[in-house]
Amino acid sequence: MSWKPAAIILFAVTAASCSKKAEDAPAVEDEWPKHGLTEAQSNEVLAQVGDRTITVGEFADRLASQSPYLRARFESPERRKEFLDNLVRFELLVYEAKRRGYADKPEILRARRNAMIQQLVKKEVDEPLEAAEITDDDVQAVYDANPKEFDRPAEVRASEIFIKDRAQAAKVLAEAKKTDLAGFRRLARERSEDEKTKDSSGDLQFFQANAEGPPPAAVRDAAFSLDKVGAVYPDLVEEGGGYHIVMLTGKRAALNRTYEQAKRAIRHKLTRERKDAAMAALTDRLRKEIDVEIDYEALKSVEVEIPELPRNQ
């Protein structure tokens, strides 16, 4: 019977899903029949792989955990046999992986620890937050408190060529005025003396008129004074010990969001803030309950190797 490695992924996901459901399910007395099986039928051994027993009930649970579309594929006895064969193959690989000691490898142990943390966070943080639904009134209150917070000022994108010598800069400016964006970028790569932007063709990315950080204010003003994308500022911009030649390469209009436009972002913001607060409360509580000792001085002995990165990253 044909079998593809993708089946391993299917059963890995199914096994994890069933395991989580078993952990999450409340301790209640089973009701029979389930999946058309009596309790006795459910407990019958369907397959044995090493020390791993697969019962008829577990097989039925695995089928039931599939999406309705996938379950429809296993209506025939032949398809159900294929499902079982793939499950057995999956368990064979698990058995062999354990036999070779892979279960004790550091990366496997880290994955198990991460899975445990995910379950803890789900129980202690996610599920309580789901019960405390963010209402439309909550969202409206955030918007009403500061509507301007959700607006976006106008932005422009520009490229520059930086040259320290004024006479050389004037010559390059004359060339730049006669070329298009591709030509300007070529000039930036070949002639610019700004090592931070040279390899990225002088690209300064998008920026706002009054935001802090690069580019310098004089370059910002020059870029915002241009109306047409592809236009070159007519004069040299003297700043930072040299001269900047500036081309406008993109524009974004200011965006004034209404409540309807902003409410989705606000809901995401509130969800993130509530989860951050819940995680902080959880870790604070655990620090009080569990002994924690930290030697920050020991960090001084750690050497971090930083690889060389291209200048445009």
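Any read-out appearing in this document is the output of simple, stated calculations on the displayed coordinates, not a laboratory observation. Keep in mind that what you see is a predicted model, and the values were worked out from it rather than measured. Because the Cβ atoms are built from the backbone with ideal geometry, glycine has one as well, and the counts that use them run over all protein chains shown.
Amide H to amide H, which residues 5 or more places from VAL49 or on other chains are under 5 Å from it, using H placed in the peptide plane?
ILE54
Arrange the following residues from fewest to most other Cβ atoms within 10 Å of their Cβ: PHE206, PHE59.
The fewest-first ordering by Cβ neighbours comes to PHE206, PHE59.
Residue-wise, which Karplus ³J(HN,Hα) couplings in Hz belong to the range 74-82, taking 6.51 cos²θ - 1.76 cosθ + 1.60, θ = phi - 60°, and x for glycine or proline?
9, 6, 7, x, 5, 5, 5, 5, 5
To the nearest 500 deg cm²/dmol, what mean residue ellipticity at 222 nm is calculated for the chain from DSSP H runs of n ≥ 4 alone, each contributing -39,500 (n - 2.57), summed and divided by the residues?
Computed ellipticity for the chain at 222 nm equals -16000 deg cm²/dmol.
Using only Cα atoms, locate the centre of the range 237-313 and the centre of the range 138-158, then give the distance between them in Å, rounded to an integer.
Taking the Cα centre of each part, the range 237-313 and the range 138-158 sit 19 Å apart.
Quick one: what are the phi-derived ³J(HN,Hα) couplings along the range 198-210, Karplus 6.51/-1.76/1.60 with θ = phi - 60°, whole Hz, x for glycine and proline?
4, 5, 9, 6, x, 5, 9, 6, 7, 8, 9, 5, 10
If R₀ is 35 angstrom, what is the calculated FRET efficiency for the pair VAL121 and TRP32, using the beta carbon separation as r and rounding to 0.05?
Given R0 = 35 Å and the Cβ-Cβ separation, E is 0.50.
What net charge do the residues around GLU260 carry, taking every other residue with its C-beta under 13 Å from that of GLU260, with Lys and Arg at +1 and Asp and Glu at -1? Don't skip to the answer; put the middle values down first.
Working: positive: ARG257, LYS263, ARG264, ARG267; negative: ASP136.
For residues surrounding GLU260, the net value is +3.
Report the paramagnetic label zone for ARG264: residues of the range 121-137 whose backbone N is under 19 Å from a point 7 Å from Cα along the Cα-to-Cβ axis.
Taking a point 7 Å out along Cα→Cβ of ARG264, the residues of the range 121-137 whose backbone N falls under 19 Å are 134-137.
Using the 10 angstrom Cβ neighbour count as an exposure proxy, how do MET247, MET116, MET279 rank, fewest first?
Ordered by Cβ neighbours within 10 Å, fewest first: MET116, MET279, MET247.
Any of LYS177/LYS198; LYS164/LYS251; LYS98/LYS122; LYS178/LYS251; LYS123/LYS275; LYS81/LYS122 with alpha carbons more than 24 Å apart? Name them for me. Numbers along the way, then the final one.
Working: LYS177/LYS198 19 Å; LYS164/LYS251 28 Å; LYS98/LYS122 28 Å; LYS178/LYS251 21 Å; LYS123/LYS275 13 Å; LYS81/LYS122 35 Å.
From the list (LYS177/LYS198; LYS164/LYS251; LYS98/LYS122; LYS178/LYS251; LYS123/LYS275; LYS81/LYS122), the Cα-Cα distance tops 24 Å for LYS164/LYS251; LYS98/LYS122; LYS81/LYS122.
Please find, in a Gaussian network model of the chain (springs between Cα atoms separated by less than 10 Å), the residue of HIS35, HIS244, HIS268 whose mean-square fluctuation is greatest.
Result for the chain, Cα springs under 10 Å: HIS35 fluctuates most.
Apply the Karplus curve 6.51 cos²θ - 1.76 cosθ + 1.60, θ = phi - 60°, to the phi angles in the range 183-190 and return the couplings in whole Hz, x for Gly and Pro.
After applying 6.51 cos²θ - 1.76 cosθ + 1.60, I find x, 5, 4, 5, 4, 4, 5, 8 Hz.
Checking the cross-link filter: which lysines have an alpha carbon closer than 16 Å to that of LYS269, excluding same-chain neighbours under 8 positions apart?
LYS148
What are the radius of gyration and Dmax of the chain, computed over its Cα atoms and given in Å?
31.3, 94
Long-range amide H contacts for LYS251: which residues qualify at under 5 Å (H placed 1.01 Å from N, peptide plane, sequence gap of 5 or more or a different chain)?
ARG157
Could you grab the relative contact order for the chain? Cα pairs under 8 Å, six or more apart, rounded to a whole percent.
So the answer I get is 17 percent.
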